[in-house]
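One structure is given here, and the rest of the page talks about it.
The values are calculated or read from the model by the stated rules, or taken from the named source; none is laboratory data. What you see is a predicted model; the values in this text were computed from it and never measured. Neighbour counts are summed over all protein chains in view; Cβ atoms, including those assigned to glycine, are modelled from backbone coordinates with ideal geometry.
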Ligand code: NDP
């Protein structure tokens with residue numbers, strides 16, 4: 001298949017993300033059928049060239065490739081369970097955010113129903129779909145990924161992680177875990193400087209390049225974790241980091257803001273220090289994370 005080949009594709013779910021995915025398919029001139037539980041959400045897409053289906057069953061029957069982008073696993077099951085017979089012999093790609101176990105269970109359901117299945121995790125917000133920086137993670141059927149990769153690429157960079165249908169979701173949620181902690185850290189900084197009259201916008205202008213530069217440390221931490229030796233020379237020790245973080249916590253308290261976001265990191269460090277690993281590197285806190293206290 002070339003990128004110019006039109007594929008009959010149906011998108012079930014026209015929320016913010018499903019609509020963006022469908023619009024990109026229409027722009028790429030794929031024959032796109034769309035369905036949404038509530039009326040009215042297909043209108044813009046129809047104006048752009050999509051075809052609206054009256055029911056989810058009609059949408060499935062219209063598509064060789066069926067994309068689901070609904071709220072959660074329960075809504076996917078609610079919509080697809082009654083359509084197993086119609087889906088048999090077709091290909092299903094679920095881009096709804098689900099847990100790894102939910103993805104594996106849906107893959108097993110699809111296998112029983114004779115449906116080729118690929119699971120996806122969207123690493124983008126709707127406005128990014130089809131533009132730079134948009135990335136979608138996939139796992140499940142390699143045959144599906146290989147056959148439809150040119151279609152998937154209209155949404156962003158497509159990355160395949162292997163036949164375990166839960167892996168894309170696992171990567172997705174692990175990456176989001178890092179994002180939420182980073183956002184909390186940024187907003188903690190915003191709250192710290194606010195009493196000094198610094199706006200969030202002014203702080204963001206400083207924080208964005210700083211945080212970006214700090215991601216350069218990831219590979220160094222990764223090398224220590226993968227090597228399994230937290231005593232490697234040249235790292236900042238947990239004892240050093242504990243003093244540094246203690247200073248930030250004290251300054252936060254002086255500014256009258258919560259120290260909760262930082263206390264979480266301090267707890268992870270202290271468990272390793274208390275276990276006698278204070279001279280070892282910061283990467284050692286992964287041992288606190290791997291063994292819940
Ligand atoms: P929205 O809340 O905008 O849309 C949810 C969609 O699910 C709507 O089409 C809604 O239909 C449908 N839906 C909910 N429950 C049911 C049900 N029981 N039966 C049928 N349809 C149902 O969410 P998004 O489009 O933003 O997100 C969709 C998926 O994409 C989610 O899993 C989300 O985690 C994921 N995602 C979203 C991102 C984002 O930035 N928005 C980023 C990455 C992933 P109705 O209109 O009738 O309510």
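Entry remark, the stretch 96-128: residues being farther than 26 Å from residue 86 by Cβ and either touching a strand residue (DSSP E or B) at 6+ places or on another chain (Cβ under 8 Å) or away from the ligand (no atom under 16 Å from the Cβ) (or both) number 2 in total. Name, by its number, the condition in (1) closer than 25 Å to residue 25 by Cβ; (2) surrounded by fewer than 17 Cβ atoms within 10 Å (Cβ to Cβ); (3) within 17 Å of the chain's Cα centre (by Cα) that does not hold for residue 177. (1) is the only condition that residue 177 fails.
Name the residues in the stretch 14-36 that are in contact with a helix residue (DSSP H, G or I) (Cβ under 8 Å, 6 or more places away or on another chain) and within 14 Å of the ligand (Cβ to nearest atom), would you?
So in the stretch 14-36, the residues in contact with a helix residue (DSSP H, G or I) (Cβ under 8 Å, 6 or more places away or on another chain) come out as 14, 16-17, 19-20, 22-23, 25-28, 30, 32-36.
Those that are in contact with a helix residue (DSSP H, G or I) (Cβ under 8 Å, 6 or more places away or on another chain) and within 14 Å of the ligand (Cβ to nearest atom): 14, 16, 17, 19, 20, 22, 23, 34, 35, 36.
Do you know which residues across the stretch 42-65 are within 14 Å of the ligand (Cβ to nearest atom), in contact with a helix residue (DSSP H, G or I) (Cβ under 7 Å, 6 or more places away or on another chain) and farther than 23 Å from residue 136 by Cα? Across the stretch 42-65, the qualifying residues are 52, 53, 56, 57. Kindly check whether there is at least one residue in the stretch 127-141 that is closer than 22 Å to residue 37 by Cβ, outside any strand (DSSP E or B) and in the same structural domain as residue 64 (by TED's automatic domain parsing). Yes, some residue in the stretch 127-141 is closer than 22 Å to residue 37 by Cβ, outside any strand (DSSP E or B) and in the same structural domain as residue 64 (by TED's automatic domain parsing). Reported count of residues in the stretch 129-150, each being more than 19 Å from residue 22 (Cα to Cα) and either within 16 Å of the ligand (Cβ to nearest atom) or in contact with a helix residue (DSSP H, G or I) (Cβ under 8 Å, 6 or more places away or on another chain) (or both), is 2.
So that you can scan it fast, the table gives a plain yes or no per residue for (1) under 25 Å from residue 174 (Cβ atoms); (2) modelled with pLDDT of 95 or more:
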position	(1), (2)
212	yes, yes
235	yes, no
247	no, yes
269	yes, yes
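Taking (1) within 14 Å of the ligand (Cβ to nearest atom); (2) surrounded by fewer than 21 Cβ atoms within 10 Å (Cβ to Cβ) in turn, residue 68 satisfies each apart from (2).
Out of the stretch 24-60, which residues are part of a helix (DSSP H, G or I) and touching a residue at least 40 places away in the same chain (Cβ under 8 Å)?
Applying the first criterion (part of a helix (DSSP H, G or I)) to the stretch 24-60 yields 24-27, 43-48, 56-60.
Scanning the stretch 24-60 gives 24, 25, 27, 56, 59, 60.
Criterion applied to 198, 190, 144, 181 was being within 30 Å of residue 252 (Cα to Cα) and either touching a strand residue (DSSP E or B) at 6+ places or on another chain (Cβ under 6 Å) or not in a helix (DSSP H, G or I) (or both), and the one residue passing it is 198. Residues that are at positive phi and surrounded by 14 or more Cβ atoms within 10 Å (Cβ to Cβ): does the stretch 156-165 have at least one? Yes, the stretch 156-165 has at least one match.
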